[in-house]
Amino acid sequence: MKEKYMYDVIIIGGGPAGLNAAMLLGRSRRKVVVFDNGQHRNRWAQHMNGFLSSDGMRPHDFIQKGRAELAKYNVEILEKVIVTATHSKGNFIVNDAEGTMYKAKKLLLATGLKDKLPEIADIETYYGKSVHHCQYCDGWESRDQPIAVYGLNRDGIGQALAMKTWSADVTLFTDGTNKLSRLDAELLQRNEVKLCTTKITGLAGDNGMLQEIILANGERRQHKALFFSTGSKQQCDLGEQLGCEFTSKGVIRTRRQQNSNIPGLYVAGDAARDMQLVIVAAAEGARAGVAINMELQREERK
Ligand SMILES: Cc1cc2nc3c(=O)[nH]c(=O)nc-3n(C[C@H](O)[C@H](O)[C@H](O)COP(=O)(O)OP(=O)(O)OC[C@H]3O[C@@H](n4cnc5c(N)ncnc54)[C@H](O)[C@@H]3O)c2cc1C
């Protein structure tokens, strides 16, 4: 094991949640380290939408601006992956992939989620440009277009119905699966959502902009946007390593102040329960930052 570095707070994850927590803790004169390995969830996207004052900004620019704003505080940002995390006697110890050890009184997990993409060849080319998972992030840009929704069996029904807010022309693709009940089919029909259960063999388009969905029967359906509903998972297993409680949706259960079931361990952003938007992640980071500082103040008081 290499050197041990001591901090007031270790933050794992330098997305909007981790950086905003670092901002509040830096401003509270805390010695903070943020670890980040550059996999922020929306790095695929061209634009970050729905964040007041920064609507449409490039996600990369948002992160860089946040990092620059932290430069005047006692906040170190290390581009390293943390592979293990433990807690003992009121301290947290984490190790990077090179085996260096870092210790702190409090730990914030802001490690985010990663999306499970539909198993369609070459879908990464389109992801974040014309293939999306969140209607609040990208529905507006797809308004009044023929929208495809992807979900196996019943998984896409809710999203297909929701997309009617953005376009009258919505088709649910179940990619060769067909476990929909008669009531499901009637619900879709009543709401004028078209259904296609044929297997998808590929996508066609230009420069990441979808034009057609290619089906196993040779048909080519014209769509400019595809929204999928295939779920997401934790970006790393540190929550499990630390013994966090998870909800049935696979996110870490947190209390009002972003605190977890482990004393001194906080969780903010997509990794924790609640809505998955940049502005919400940033707000949760701020809330965790304040709560951590207040806990440290209580411990310091004589
Ligand atoms: C394609 C796409 C487009 C989106 N568009 C929008 C949008 O327009 N508007 C909007 O509000 N939301 C959008 N979102 C959602 C948004 O990306 C998330 O809500 C937001 O990024 C959550 O912030 P976070 O800080 O919790 O996690 P993230 O931004 O995912 O950051 C987590 C960070 O933790 C790091 N990390 C994880 N594990 C470790 C580890 N072990 N060691 C070191 N670092 C680690 C990762 O590298 C990552 O940088 C979009 C998501 C996607 C996938």
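Couple of notes before you dig in:
- Failed item in (1) over 19 Å from the mean Cα position of the chain (by Cα); (2) in a loop (DSSP other than H, G, I, E, B), with Cys236 passing the rest: (1)
- Scanning segment 147-195 for residues that are under 21 Å from Val131 (Cβ atoms) and part of a helix (DSSP H, G or I) yields a count of 9.
- The set of residues in segment 60-77 being assigned to a helix (DSSP H, G or I), touching a Gly at 6+ places or on another chain (Cβ under 9 Å) and surrounded by 18 or more Cβ atoms within 10 Å (Cβ to Cβ) consists of Ile63, Gly66, Leu70.
- Residue in segment 254-268 that is modelled with pLDDT of 95 or more, part of a helix (DSSP H, G or I) and outside the structural domain of Gly151 (by TED's automatic domain parsing) present: no
- For Ser248, the conditions (1) surrounded by 22 or more Cβ atoms within 10 Å (Cβ to Cβ); (2) of a type in the set (S, T, N, Q); (3) modelled with pLDDT under 95 are fulfilled apart from (1).
- Considering the conditions (1) assigned to a loop (DSSP other than H, G, I, E, B); (2) over 19 Å from Arg41 (Cα atoms); (3) within 14 Å of the ligand (Cβ to nearest atom); (4) of a type outside the set (Ser, Thr, Tyr), Glu141 is excluded by exactly one of them, (1).
- Single condition Arg256 does not satisfy, out of (1) away from the ligand (no atom under 12 Å from the Cβ); (2) within 17 Å of Ala17 (Cα to Cα); (3) surrounded by 14 or more Cβ atoms within 10 Å (Cβ to Cβ): (3)
- Tabulated pairs, segment 219-245, first touching a residue at least 12 places away in the same chain (Cβ under 8 Å), second among the charged types (D, E, K, R) and part of a strand (DSSP E or B), C-beta under 6 angstrom, 6+ apart or interchain: Arg220/Glu212; Gln222/Glu212; Ser232/Asp115; Gln235/Lys114
- Of the residues making up segment 1-28, those that are within 16 Å of Val81 (Cβ to Cβ), among the small types (Gly, Ala, Ser) and in a loop (DSSP other than H, G, I, E, B) number 3.
- Taken over segment 29-59, residues that are within 6 Å of the ligand (Cβ to nearest atom) and not in a loop (DSSP other than H, G, I, E, B) amount to 5.
The values are calculated or read from the model by the stated rules, or taken from the named source; none is laboratory data. On a predicted model such as this, the values are computed, not experimentally measured, just so you know. All Cβ positions, even for glycine, are placed from backbone atoms using ideal geometry, and neighbour counts span all protein chains on display.
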